Amino acid sequence: MSDQPAAAPTPLPLVLAEPRGRKKPPRHLADLTVDERKDLLVEMGLPGFRARQVATHYFSRLVDDPEQMTDLPAGQRAALVEALLPDLMTSIREQTADKGKTVKTLWKLFDGSLVESVLMRYKDRATICISSQAGCGMACPFCATGQGGLQRNMSTAEIVHQVVVGARAMANGDVAGGPGRLSNVVFMGMGEPLANYKATLGAVRRLTEPAPSGLGLSARHVTVSTVGLVPRIRQLAGEGIPVTLALSLHAPDDELRNDIVPINTRFSVAETVDAAYEYFAKTGRRVSIEYALMKDINDQGWRADLLADVLSGDGRGTGWVHVNPIPLNEVPGSRFTRSREDDMDEFVRRLTARGIATTLRDTRGSDIDAACGQLAASE
Ligand code: SAH
């Protein structure tokens, strides 16, 4: 225990550098392109064409146990799996809610870092909420993850593996409701995905490319959620992968957003909304605006009106955007509390009256701290 006073917050660097000399997560086939996997095996003196078989096991059959890879020569199986499918993480706790249809997993990564993922099964789909960083450097004061700071970026394979394990749980019928298919991925777990751009983009490619390159999910069913790193939003718009973008806006005015989403002191509301609109203009994908409703902070009727102005301003109209207000999930020790029902209803009513598609989001898993902003990954 230190008796030093807490240090003043330092300004946030846009690209969070990793300390030098730190050990990297194991290299895994999900980090590599099809050609790179082949080259790696050849370098190791193994037959390159086997990479395709191993990748098919991983991405199509969702298998990483060498015993189940009977099409590989028994004498090579262990070496191939060691080369391409090293252990990335260990599940150290599983909690369920919603009668077994929400499952939160706490993962320990190779270096002891802890992250969480949450699988949510609905009538018509199953969504996994994944982490892209251990911790988060964005310091939003209403979010549990933001309170602990950033430990490190996750690798592409560490990001993807959460999805593969979730897809396997669905396929095997391990989630209440019988066997099914994992259909959606949201980067709404721990971390700011666009602050770990390279690994996030690699993960998006692996998730959307068909097997054996990747998992073959529909890009439209993959949502990258960002606090609003403007240059990275513009960069993502140019990648040619039409993933859904979610922008965590939470306030329509700089005065308030500077407080509750500190990166706003770097990129204003106007710049951020502009970049989100450009994302729509380039990709044709409607942008989701996330707005956690906090009592007497950002839930006033006039702020709903201002939000409508800000979104539809500059001739943008309303067709490019979908607002998702979400009742705040309360974080222990935080001064932020959930809005009153009436205020939430009025907020939604005002946006809808302005022609803005608005859906109040549910708060699955809040009883096991698995809901948005509650992931803190402690043992
Ligand atoms: N860093 C990314 C993704 C992680 S958070 C981002 O900021 O978008 C996923 C969503 O949960 C974000 O919209 C985030 O603002 C929201 N969130 C964080 N804390 C919350 C809380 N306590 N209640 C409700 N939503 C919260």
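Quick rundown of the values:
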quantity	calculated
Boolean, L201 is within 13 Å of the ligand (Cβ to nearest atom) and either crowded, with 17+ Cβ neighbours inside 10 Å or outside the structural domain of G313 (by TED's automatic domain parsing) (or both)	no
Among the residues listed as A281, A276, A292, A304, the single one being surrounded by 22 or more Cβ atoms within 10 Å (Cβ to Cβ) and more than 19 Å from the chain's Cα centre (by Cα)	A304
A219 being at pLDDT 95 or above, away from the ligand (no atom under 11 Å from the Cβ) and either closer than 28 Å to A167 by Cα or not assigned by TED's automatic domain parsing to the domain that holds L328 (or both)	yes
Complete set of residues in segment 166-191 that are crowded, with 20+ Cβ neighbours inside 10 Å, within 9 Å of I128 (Cα to Cα) and away from the ligand (no atom under 16 Å from the Cβ)	G166, A167, L182
Segment 325-344 - residue that is loosely packed, with under 13 Cβ neighbours inside 10 Å and over 26 Å from the mean Cα position of the chain (by Cα) and, of those, farthest from the ligand (Cβ to nearest atom)	D342
Residue within segment 145-158 that is within 19 Å of V204 (Cα to Cα), near the ligand (Cβ under 10 Å from one of its atoms) and polar (S, T, N, Q) present	no
Count of segment 13-67 residues which are in a loop (DSSP other than H, G, I, E, B) and either over 27 Å from P193 (Cβ atoms) or modelled with pLDDT of 95 or more (or both)	17
Verdict on L150 being in the same structural domain as C372 (by TED's automatic domain parsing), over 18 Å from L62 (Cβ atoms) and not acidic (D, E)	yes
Looking only at segment 108-133, and only at residues there that are closer than 11 Å to S91 by Cα and surrounded by fewer than 24 Cβ atoms within 10 Å (Cβ to Cβ), the one that is nearest to the ligand (Cβ to nearest atom)	L114
Residue in segment 68-83 that is part of a loop (DSSP other than H, G, I, E, B), acidic (D, E) and touching a residue at least 40 places away in the same chain (Cβ under 8 Å) present	no
Meets criteria (assigned to a loop (DSSP other than H, G, I, E, B), in contact with a strand residue (DSSP E or B) (Cβ under 6 Å, 6 or more places away or on another chain) and not β-branched (V, I, T)) for G178	no
Residues that are in a loop (DSSP other than H, G, I, E, B) and in contact (Cβ under 8 Å) with a residue 40 or more places away in the chain, drawn from segment 218-240	V227, G228, L229, G238
Checking N258 against (1) part of a helix (DSSP H, G or I); (2) in contact (Cβ under 8 Å) with a residue 12 or more places away in the chain, the condition it does not meet	(2)
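Yes/no matrix, rows are residues, columns are (1) farther than 25 Å from V224 by Cα; (2) modelled with pLDDT under 95; (3) within 14 Å of the ligand (Cβ to nearest atom); (4) not in a loop (DSSP other than H, G, I, E, B):
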position: F280; (1), (2), (3), (4): no, no, no, yes
position: D296; (1), (2), (3), (4): yes, no, no, no
position: W302; (1), (2), (3), (4): yes, no, no, yes
position: D305; (1), (2), (3), (4): yes, no, no, yes
position: G317; (1), (2), (3), (4): no, no, no, no
position: V323; (1), (2), (3), (4): no, no, yes, yes
position: L351; (1), (2), (3), (4): no, no, no, yes
position: R361; (1), (2), (3), (4): no, yes, yes, no
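The values are calculated or read from the model by the stated rules, or taken from the named source; none is laboratory data. Small disclaimer: the values here were computed from a predicted structure and weren't measured. Note that we place each Cβ from the backbone using ideal geometry, even for glycine, and neighbour counts take in every protein chain shown.
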